[in-house]
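Here's the structure we're looking at; comments come further down.
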């Protein structure tokens, strides 16, 4: 009696060290700086603590990830909604926080954009805004999750289950915490699983950050590369739906 041929099985590639998914919460506090004009905002940005710059740029991105259009940071939104300075708002909104691994450099970019604009539009500097801008700051509190990845399948499963806050913590926030030009997902895939092509998540630079966080689109090249190593469906890594609150 003929027997059905046995299909070859692919054994998972085990990581040298596991990936621990963490999430994070931010404790918000109001700072001392306040701006009623663009000139006052410029001075506030020059002197405020780095935690305030972080709150109104990086952290705003996480809080407003669901917004598909509009302004990507609080400074650009205020320039548009309260100061009616559309051109300045667009310049500030064009800042991509993924380019920065330090708040100091980001602060310099903000100062340069606002100062250059006010030099060309001096009347805008002292025009009183419709609403004041209160600078705030946030303190990071890391929250462990129960999800750990030891191979690619567990990593994809973790991406399915963790919250937007965990994705943000490892994909965006890591750039500042660890002074990275990449992200913790890419580092783990390359260093622990030897998946250099799959780790090239920087291909996502063509997508808005909000899209990445909403859809968890960790690039087609990742799923194409990993399909040869591990039989995972593309949907397991791309367009992963939200699940837990971690």
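The values are calculated or read from the model by the stated rules, or taken from the named source; none is laboratory data. Note that the structure is a prediction, hence the values are computed from the model and not measured. All Cβ positions, glycine included, derive from the backbone under ideal geometry; neighbour counts span all protein chains shown.
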>> Going through 87, 43 one at a time, which residue ends up being touching a helix residue (DSSP H, G or I) at 6+ places or on another chain (Cβ under 9 Å), over 27 Å from residue 180 (Cα atoms) and either in the same structural domain as residue 181 (by TED's automatic domain parsing) or at pLDDT 95 or above (or both)?
In response: 87
> Mind checking which residues of segment 54-72 are at pLDDT 85 or above and surrounded by 22 or more Cβ atoms within 10 Å (Cβ to Cβ)?
Replying inline: 55, 56, 57, 58
> Quick one: is residue 187 modelled with pLDDT of 50 or more, surrounded by fewer than 21 Cβ atoms within 10 Å (Cβ to Cβ), outside the structural domain of residue 98 (by TED's automatic domain parsing) and assigned to a helix (DSSP H, G or I)?
Replying inline: yes
> Does segment 75-126 hold any residues that are touching a strand residue (DSSP E or B) at 6+ places or on another chain (Cβ under 8 Å) and more than 14 Å from residue 45 (Cα to Cα), and which are they?
Replying inline: 82
>> Out of the residues in segment 17-33 meeting the condition of being loosely packed, with under 14 Cβ neighbours inside 10 Å and either at pLDDT below 95 or part of a helix (DSSP H, G or I) (or both), tell me which one is farthest from the chain's Cα centre (by Cα).
In response: 32
> Can residue 134 be described as buried (at least 20 other Cβ atoms within 10 Å of the Cβ) and touching a strand residue (DSSP E or B) at 6+ places or on another chain (Cβ under 7 Å)?
Replying inline: no
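Just to be sure, is residue 75 touching a helix residue (DSSP H, G or I) at 6+ places or on another chain (Cβ under 7 Å), surrounded by 16 or more Cβ atoms within 10 Å (Cβ to Cβ), in a helix (DSSP H, G or I) and modelled with pLDDT of 90 or more?
Working: touching a helix residue (DSSP H, G or I) at 6+ places or on another chain (Cβ under 7 Å): yes; surrounded by 16 or more Cβ atoms within 10 Å (Cβ to Cβ): yes; in a helix (DSSP H, G or I): yes; modelled with pLDDT of 90 or more: yes.
Considered against the rule, which asks whether it is touching a helix residue (DSSP H, G or I) at 6+ places or on another chain (Cβ under 7 Å), surrounded by 16 or more Cβ atoms within 10 Å (Cβ to Cβ), in a helix (DSSP H, G or I) and modelled with pLDDT of 90 or more, residue 75 comes out as yes.
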